[in-house]
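The values are calculated or read from the model by the stated rules, or taken from the named source; none is laboratory data. Predicted model only: the values in this text are computed from it and were never measured. Side chains included, ligands, DNA and RNA excluded: accessible areas come from the protein's heavy atoms. Shrake-Rupley method; radii C 1.70, N 1.55, O 1.52, S 1.80 Å.
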Amino acid sequence: KRILQELEKWALEIGYRACRLETGRRLADAVGLYHQSGYTVIPNYGQYEGVDNSVCFEKVLDHQQ
């Protein structure tokens, strides 16, 4: 969780407004972490389009952090 928070902080510092990430559907711990961290499921994008085992997430970053 701490690593994810640091990555979000870094993304804000370099000008990103959102984070997107991908994991496998069978990786329940990762899926749970992303949900608990405020990420929502989005349609698979890029190289993950059409990959049944992939689940993609996005979180709009809070610039007040």
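Key figures
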quantity: Accessible area (Å², 1.4 Å probe, nearest 10) - K9; calculated: 100
quantity: For S54, residues with placed amide H under 5 Å, excluding near neighbours; calculated: R25
quantity: Computed lengthening from R26 to D52, 0.36 nm per intervening residue step minus Cα-Cα distance; calculated: 8.3 nm
quantity: Alpha-carbon Rg/Rh ratio, for the chain, with Rh computed the Kirkwood way; calculated: 0.98
quantity: Length released on extending from L12 to T40, taking residue separation times 0.36 nm less the Cα-Cα span; calculated: 8.3 nm
quantity: Heavy atoms of R25 accessible to a 1.4 Å probe, total area in Å² rounded to 10; calculated: 140
